[in-house]
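Enquirer: Sending over a structure as structure tokens; questions will come in a sec.
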Amino acid sequence: MATLILMQDDHAGVRFVIEKTKFLIGRGPENDITLDDELVSKCHAIIEVVVSADDKKKIEYFLHDQDSTNYSFVNEERVSIRRLSDKDIIRIGKSNFKFIDDQRDNLDVTTKLQKTWIPGVFVTKKGKKKKK
């Protein structure tokens, strides 16, 4: 499951959990996120949740701009359709949302803590990559 976090002055604000296959954002009251902003169209954008074609266990999220007057942006790039990645910043009108994907954890990349000679102090060291 993924979450959109409304960013206010670079601080996290309201959280919106994406629990539907089509999550609507716009100015109209029928949207999942309703924005009171003259720069936002009635139905501005949709986040679509789809099963990955490559890995049936993985969910992918796509932002679809609905031919809005003032466009949708991901990481300050104007988009009409875009696959979302963890920590992408979506801008619709004057609102910025941080996209958080719960599937972002990669268990292949871990950090190991190493004890030091100082009691209670630990350091991290990057592990060596195995040659194939």
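Enquirer: Tabulate in residue order the Karplus-calculated ³J(HN,Hα) for the stretch 55-72, using 6.51 cos²θ - 1.76 cosθ + 1.60 with θ = phi - 60°, rounded to whole Hz; enter x for Gly and Pro.
Expert: Once θ is set to phi - 60°, the couplings for the stretch 55-72 become 9, 5, 8, 9, 9, 10, 10, 10, 9, 10, 6, 9, 6, 5, 5, 10, 6, 10 Hz.
Enquirer: Taking all protein chains together and a probe of 1.4 Å, list LEU24, LEU35 from the most accessible to the least accessible.
Expert: Largest to smallest exposure gives the sequence LEU24, LEU35.
Enquirer: Next up: Between their Cα atoms, which of LYS42/LYS87; LYS22/LYS58; LYS56/LYS98; LYS20/LYS56; LYS22/LYS56 are more than 22 Å away from each other? Please report the intermediate quantities before stating the final value.
Expert: On the way: LYS42/LYS87 26 Å; LYS22/LYS58 17 Å; LYS56/LYS98 25 Å; LYS20/LYS56 18 Å; LYS22/LYS56 19 Å.
Pairs exceeding the cut-off: LYS42/LYS87; LYS56/LYS98.
Enquirer: Amide H of GLN66: which non-local residues (sequence gap of 5 or more, or other chain) have their own amide H closer than 5 Å, using H built in the peptide plane?
Expert: ALA45, ILE46
Enquirer: Could you look at the stretch 33-87 and say what percent of its accessible area is carbon and sulfur, using a 1.4 Å probe and all protein chains? Walk me through the intermediate numbers first.
Expert: On the way: 1530 of 3400 Å².
C and S fraction of accessible area: 45 percent.
Enquirer: Cα-Cα pairs above 18 Å in the stretch 15-62: how many percent?
Expert: Looking at the stretch 15-62, the distances longer than 18 Å represent 37 percent of pairs.
Enquirer: So, in Å, what gap is there between the alpha-carbon centers of the stretch 67-83 and the stretch 4-62?
Expert: 13
Enquirer: For the stretch 20-104, what size does the Cα cloud have along each of its three principal axes, sorted from largest down, in whole Å?
Expert: That gives 40, 26, 20 Å along the principal axes, largest extent first.
Enquirer: With a 1.4 Å probe and every protein chain left in place, work out the accessible area per residue of the stretch 47-91 in Å², rounded to a whole number.
Expert: About 63 Å² of surface per residue is accessible.
The values are calculated or read from the model by the stated rules, or taken from the named source; none is laboratory data. Just so we're clear, the structure is a prediction, and the values are computed from it rather than from any experiment. Each accessible area value is taken on the protein alone, full model and side chains, heavy atoms only, with ligands, DNA and RNA left out. Shrake-Rupley method; radii C 1.70, N 1.55, O 1.52, S 1.80 Å.
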